[in-house]
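So the structure is just underneath, and the comments pick up after that.
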């Protein structure tokens with residue numbers, strides 16, 4: 001009887017995540033679920049302009065870590081996200097400030113979902129922890145990717161970027177959000 005309950009629980013969990021349109025295909029070399037329509041996130045993590053390996057990348061959905069990976073030797077990672085999903089990517093490593101990026105693939109017109117999209121290769125800089133930088137600035141995502149119907153593509157949310165820049169400016173801290 002317990003074995004049947006375990007099987008039912010596993011099937012229920014799998015169906016819940018598949019119904020949320022997660023569509024995660026790839027982080028690094030790990031293939032999971034196939035699909036043609038998704039958003040490709042292709043990024044490199046740097047420190048002082050140099051690639052940094054072993055940065056922990058958590059994929060968070062509704063407060064739960066649903067995937068975890070590390071950047072490769074040259075700081076790269078790649079993943080695909082299905083539509084109708086709001087996730088947070090959390091970048092961390094001991095001795096560094098944790099940074100987050102939000103990716104929102106919801107609110108996309110049905111007619112624009114016929115193909116995959118690419119957010120473009122972006123570079124995220126990690127900063128070593130120190131007492132001079134207010135950690136509170138990094139409690140929220142430093143950037144958000146959203147779908148722009150006019151561009152028919154995913155872009156950085158300019159309104160959110162301006163808000164984050166203002167918060168850093170008020171704290172007299174230099175902000176390096178993301179570079180393309």
- Note on the structure: Picking from 114, 83, 77, the residue that is in contact (Cβ under 8 Å) with a residue 40 or more places away in the chain, assigned to a loop (DSSP other than H, G, I, E, B) and buried (at least 19 other Cβ atoms within 10 Å of the Cβ) would be 83
- Query: In the stretch 119-135, which residues are more than 19 Å from residue 71 (Cβ to Cβ) and either touching a residue at least 12 places away in the same chain (Cβ under 8 Å) or touching a strand residue (DSSP E or B) at 6+ places or on another chain (Cβ under 7 Å) (or both)?
  - Reply: 133, 134, 135
- Query: Can you tell me how many residues in the stretch 38-59 are surrounded by fewer than 17 Cβ atoms within 10 Å (Cβ to Cβ) and closer than 23 Å to residue 113 by Cα?
  - Reply: 1
- Message: Kindly evaluate residue 166 against the criterion of being closer than 26 Å to residue 94 by Cα and loosely packed, with under 12 Cβ neighbours inside 10 Å.
- Response: no
- Query: Where residues in the stretch 151-180 are within 22 Å of residue 132 (Cα to Cα) and assigned to a helix (DSSP H, G or I), which of them is nearest to the chain's Cα centre (by Cα)?
  - Reply: 164
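Check whether at least one residue in the stretch 89-107 is modelled with pLDDT under 90, in contact with a strand residue (DSSP E or B) (Cβ under 9 Å, 6 or more places away or on another chain) and over 23 Å from residue 44 (Cα atoms), and report yes or no.
yes
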- Subset of the stretch 153-180 (residues that are closer than 19 Å to residue 41 by Cβ and at pLDDT below 90): 176, 177, 178, 179, 180
- Any residue in the stretch 44-55 that's free of Cβ contacts under 8 Å to residues at least 40 places away in the same chain: show its pairings with residues that are part of a strand (DSSP E or B) and surrounded by fewer than 19 Cβ atoms within 10 Å (Cβ to Cβ) at Cβ separation under 6 Å, as long as the two are six or more apart or on different chains. 54/70
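Take the residues in the stretch 117-132 that are under 13 Å from residue 99 (Cα atoms) and in a loop (DSSP other than H, G, I, E, B); name whichever of them is nearest to the chain's Cα centre (by Cα).
Only one residue fits best here, namely 126.
The values are calculated or read from the model by the stated rules, or taken from the named source; none is laboratory data. All values reported here derive from a predicted model rather than from experimental measurement. Reconstructed Cβ throughout: ideal geometry from the backbone, glycine too, with neighbour counts over all protein chains shown.
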